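The values are calculated or read from the model by the stated rules, or taken from the named source; none is laboratory data. Owing to the predicted nature of the structure, the values given are computational and were not obtained by experimental measurement. Cβ placement follows ideal geometry from the backbone for every residue including glycine, while neighbour counts extend to all protein chains displayed. SASA here: full protein model, heavy atoms, side chains in, ligands and nucleic acids out. Shrake-Rupley method; radii C 1.70, N 1.55, O 1.52, S 1.80 Å.
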Amino acid sequence: MTAEEERDVRERTGRDGREGRDPGEAGGGREAAGSGADVSDPAGPRPGDGREAPGDGPRAGTADPAGHGPEYESDGHEGLPAVDPYDGRDAYDGAEADGPHEYEGAEAEALPTPRAREPEEGGLLVLAGTPIGDPDDAPPRLAAELARADVVAAEDTRRLRRLTRDLDVRITGRVVSYFEGNEAARTPELVEELVAGARVLLVTDAGMPSVSDPGYRLVAGAVERGVRVTAVPGPSAVLTALAVSGLPVDRFCFEGFLPRRPGERAARLRESAGETRTLVFFEAPHRLAATLAVMAEIYGPDREAAVCRELTKTWEEVLRGTLAELAARAEQGVRGEITLVVRGVDPASAPPPDPAELARRVMALEAGGTRRKEAIIEVAKAAGRPKREVFDAVVAAKREGHTGGERGESGR
């Protein structure tokens, strides 16, 4: 080996004769310090653990350096004044702020820094599920999305404040109300913000948006303008009630809230009298007794059902029995949020509906806005009868003039 080659070897291996170490080991501490890492932590910063090196941007929940924090927008629904979340007060309850909300330790791993990911190209509508009772049931991504959104549209901003306190998260975007009374008017505003590139988060009081809650109009408007729509899946009163009801759940249909008027309510229930799938309804506590009584009359008093009350809350209760038994118990008064699960008709034991009844069901669906062809298909499927049989029943009933009165009743 020449003197020059020997010198090269000594420079590569070190003059003490030890093999050179991997720069990640030998220089790890210097590199970490140079990049802003906390060298007191042996593990150093981990991707997605919520800790950032200085210079990577503000942490979630820190104040706007310019002092221009977002404002809660009041439109008269929530009765809330416009508040700057970063004017030295807690934006949610008026208490003295205890400093920026930061994620540390185990919470940091579950809730990564909201702004860490690359921004989306164009706007994004995010539908987020919220707890139906227990705040601990909130999906892990919910807090991150609340902190990350440019606009948070909430069914009730007061409930949103409680939720953010429970999740220990600070909203950095603008908060607007989005409920039944202003949904039609506010949808175009939000769609325009989405088209302009905003990230809009929609939350309702409980459960998933659009399911008997505001959301459908906004989703339809976003889709029409080519805006991407995604969701943060969360708790669902429908699925929770089905799971605990003790009734068959392999096939089910969700009917939402029944009409408030007795005639319309009865007409809607008659449409599903021959339904073989398990049915799920939402109902207000003060109407529960009347609804169960009508169900017992139309579905039959011995039909099994379950009244699920205050699911996942302190006073959760599931009452099981026949419709007649549950109707009698409801007469004593019921409080709380109600989800009602009713067993469908047993196809083997249910007598086939007569032609007049098939025709009446078709006309009831037509009165609700369903086209006749689709109504015939739906009735045939629910009754387990051939479509031709249902069509012939409709033609015969129309020829005999048997459907005029039924159409009027269902259309009230």
Exercise. Within the stretch 351-376, restricting attention to residues that are within 37 Å of the chain's Cα centre (by Cα) and surrounded by fewer than 17 Cβ atoms within 10 Å (Cβ to Cβ), which residue is nearest to residue 277 (Cα to Cα)?
Worked result: 374
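Among the residues of the stretch 175-223, which ones are among the hydrophobic types (A, V, I, L, M, F, W, C), more than 22 Å from residue 142 (Cα to Cα) and part of a helix (DSSP H, G or I)?
Let us first name the residues in the stretch 175-223 that are among the hydrophobic types (A, V, I, L, M, F, W, C), namely 175-176, 179, 184-185, 190-191, 194-196, 198, 200-203, 206, 208, 211, 218-220, 222-223.
When the remaining residues are screened for being more than 22 Å from residue 142 (Cα to Cα), the result is 184-185, 195-196, 220, 223.
Across the stretch 175-223, the qualifying residues are 184, 185, 195, 220, 223.
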For this session: Evaluate the following for residue 227: is it under 14 Å from the mean Cα position of the chain (by Cα) and surrounded by 17 or more Cβ atoms within 10 Å (Cβ to Cβ)?
Result: no
Problem set entry | Only listed residue being of a type in the set (D, E, K, R), open to solvent by 40 Å² or more (accessible area, probe 1.4 Å) and within 19 Å of the chain's Cα centre (by Cα), chosen from 255, 264, 304, 297 | 255
Seminar exercise, completed: Flagged in the stretch 321-350 as acidic (Asp, Glu), loosely packed, with under 14 Cβ neighbours inside 10 Å and farther than 30 Å from residue 380 by Cα, in numbering order, are 331
Exercise. Which of the following residues is free of Cβ contacts under 8 Å to residues at least 40 places away in the same chain and either aliphatic (A, V, I, L, M) or over 22 Å from residue 361 (Cα atoms) (or both): 266, 305, 289?
Worked result: 266
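Go through 318, 249 for me and flag whichever is open to solvent by 10 Å² or more (accessible area, probe 1.4 Å) and part of a loop (DSSP other than H, G, I, E, B).
249
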Exercise. Within the stretch 311-332, which residues are over 16 Å from residue 298 (Cα atoms), out of contact with any Lys or Arg (no Cβ under 8 Å at 6 or more places or on another chain) and in contact (Cβ under 8 Å) with a residue 24 or more places away in the chain?
Worked result: 311, 312, 313, 320, 330, 331
Exercise. Tally time: how many residues in the stretch 129-181 are under 17 Å from residue 232 (Cβ atoms) and of a type in the set (Phe, Trp, Tyr)?
Worked result: 1
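Could you count how many residues in the stretch 230-246 are open to solvent by less than 50 Å² (accessible area, probe 1.4 Å) and closer than 30 Å to residue 199 by Cβ?
Step one: list which residues in the stretch 230-246 are open to solvent by less than 50 Å² (accessible area, probe 1.4 Å), which gives 230-232, 234-238, 240-242, 245.
Add one more test, that the residue is closer than 30 Å to residue 199 by Cβ, and what stays is 230-232, 234-238, 240.
Here the count works out to 9.
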For this session: Within the stretch 256-276, identify whether any single residue is small (Gly, Ala, Ser), more than 26 Å from residue 356 (Cα to Cα) and touching a strand residue (DSSP E or B) at 6+ places or on another chain (Cβ under 7 Å), and answer yes or no.
Result: yes
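Of the residues that sit in the stretch 121-132 and are assigned to a loop (DSSP other than H, G, I, E, B) and touching a helix residue (DSSP H, G or I) at 6+ places or on another chain (Cβ under 9 Å), which one is farthest from residue 193 (Cα to Cα)?
Residues of the stretch 121-132 that are assigned to a loop (DSSP other than H, G, I, E, B), as a first pass: 121-123, 129, 131-132.
Adding the requirement that they be touching a helix residue (DSSP H, G or I) at 6+ places or on another chain (Cβ under 9 Å) leaves 122-123, 129, 131-132.
On the way: 122: 10, 123: 8, 129: 22, 131: 27, 132: 29 Å.
Out of the qualifying residues, it is 132.
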Exercise. Within the set of pairs 6 or more residues apart or between chains, which connect a residue that is within 21 Å of residue 292 (Cα to Cα) and at pLDDT 80 or above inside the stretch 333-360 to a residue that is basic (Lys, Arg) and open to solvent by 60 Å² or more (accessible area, probe 1.4 Å) with Cβ atoms less than 8 Å apart?
Worked result: 336/313; 344/251; 344/277
Exercise. Quick one: how many residues across the stretch 161-174 are outside any helix (DSSP H, G or I), surrounded by fewer than 19 Cβ atoms within 10 Å (Cβ to Cβ) and out of contact with any Pro (no Cβ under 6 Å at 6 or more places or on another chain)?
Worked result: 1
For this session: Please go through the stretch 267-294 and pick out each residue that is open to solvent by 30 Å² or more (accessible area, probe 1.4 Å), part of a helix (DSSP H, G or I) and either of a type in the set (Val, Ile, Thr) or closer than 26 Å to residue 236 by Cα (or both).
Result: 268, 271, 285, 286, 287, 290, 294
